[in-house]
Amino acid sequence: MNILWFQRDLRWSDHLPLQAALAEGQAVVLLFCYEPLLLKDPHFDKRHGRFIRESLQELSAAFQQQHHTLHIIRNDFLAVLQRLHRRYGVETVFSYEETGLPVLHQRNQAIQEYCHNEGVEWVRFPKVSGADLQEADGKRRWQQVMRKPIPPLDLSQLKTVSLGAGFTEHLSAVDDLHPFHIRDFHFQRGGFTQAREWLTSFIKIRSVQYSRAEDNPYLSRYNASRLSAYLSWGNLSVREVYQAASKAIKEGFYSHDLKLFQQKLWLHDRLQARWYEPAVASLPERREEDDRFEAWKTGQTGLPLVDAAMRCLLETGYLIPRLRELLTSVLRQRLPEFEAEGWQWMARQSLDFDPMLLDAYRSRRANRKFLNPVKEARTLSDVIHFLRIWLPELAHLPPRFLYEPWRMRPAEQRQYGVYLGRSYPVPPRSWIPRTVRKQSIASKISR
């Protein structure tokens, strides 16, 4: 008996482990595990669990149409593998390779050791197929893989084993995951039907302004692809998205914008293909900066663009990369002892959290210069609309005070009904960029 283990690959199309299990021709158990070691990990949040549950509902229904059962078990995969191997004798485990977090690295090592000792073959497929993308011709070879036809899968030919509800419930180690059942309309829904609807609307309608929306916090909610969560949890493969964009280009849809989007897919896969070096980050001791860290986490720093970005991320799970970089820049420069915990917080709030991409971004931004929140607010397009949506307490301020509310004098605070320290927080003086502090002093002297 074989096992097909689903993780962050919650689809049945363009699925290499499923293709291999089908080609093997032996009976296979279709399995997904809500692993307690991941549910307890500080990077995981119930918004992720809800997206997973919605994706599993569709995947399970697709298999049921062909009279197959997807077993969803609330236990660590290694514990389930051990029980199944003792009872049935497992020959091969098919899965994608998942890493990017220390807990995943340790889990994989434990599974690999058990498989080696018990004579079980673990066939792992890389999430990014093809050659080494870090080589000089990596992009060309990646494009060759992306253009290859996707082989059709006939699920009716799959030979599956049903374990029975009693046995699978006995395997579960945690209670039913009730928080994942609660629908939240602020977030995108999981599943490949939703994923394909977002993909179709993007390539045929919304991509018309993709090049403008890339660094536009307001426009991005409508004209960015919004496919990141579906790629992160595997409702779509990158190749499916790439080929859909190529087909749309041939049909005459928005060639410039879709080619730029395909370039972003290449960058996405290049980061995914990095070699993971596990490093256990030590969490800081609690100090007097606790209040400032809580202010950063809740969007109450007194820096308008920083607060609006965090509030948007908290409520929707989505944010453009430029504003994510701004949040981490403030974290790294103003709260360095909380950086590790801050990255975990960002991961929990991001619906499209991907361990390998998180590791890549954390490594790339370690030496980046500090982003000036006021300068960013003045240069990003349509930022006024974005600020007024997410900071309703400042919505009626003119732009000069919307960017820098701390510059309002008492008379101006009364005029606009915004009282610093009451209606909206005052940022710590050290958090105001030095150039902005100098401008404020100069303006006061000129008055």
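The values are calculated or read from the model by the stated rules, or taken from the named source; none is laboratory data. Quick caveat, the model's predicted, so the values are computed rather than measured. When we count neighbours, we look across all protein chains shown, and the Cβ atoms used for this are built from the backbone with ideal geometry, even at glycine.
Couple of notes before you dig in:
- Residues that are modelled with pLDDT under 95 and either among the charged types (D, E, K, R) or over 30 Å from H268 (Cβ atoms) (or both) are absent from segment 99-115.
- Looking only at segment 116-141, and only at residues there that are at pLDDT 90 or above and surrounded by 14 or more Cβ atoms within 10 Å (Cβ to Cβ), the one that is nearest to M1 (Cα to Cα): V120
- Selection status of Q349, touching a strand residue (DSSP E or B) at 6+ places or on another chain (Cβ under 7 Å), on the phi < 0 side of the Ramachandran plot and buried (at least 16 other Cβ atoms within 10 Å of the Cβ): no
- Test for S430: is it modelled with pLDDT under 95 and either in a loop (DSSP other than H, G, I, E, B) or not assigned by TED's automatic domain parsing to the domain that holds L319 (or both): no
- Failed item, numbered, when G252 is tested on (1) within 12 Å of Y210 (Cβ to Cβ); (2) at pLDDT below 95: (1)
- The set of residues in segment 203-223 that are surrounded by fewer than 21 Cβ atoms within 10 Å (Cβ to Cβ) and either assigned by TED's automatic domain parsing to the domain that holds F32 or assigned to a loop (DSSP other than H, G, I, E, B) (or both) comprises I205, E214, D215, Y218, L219.
- Checked against (1) at pLDDT below 95; (2) within 20 Å of Q209 (Cα to Cα), A244 passes all but condition (1).
- Pairs where the first residue, in segment 80-100, is within 13 Å of Q26 (Cα to Cα) and the second is among the acidic types (D, E), C-beta under 6 Å, 6+ apart: T92/E121
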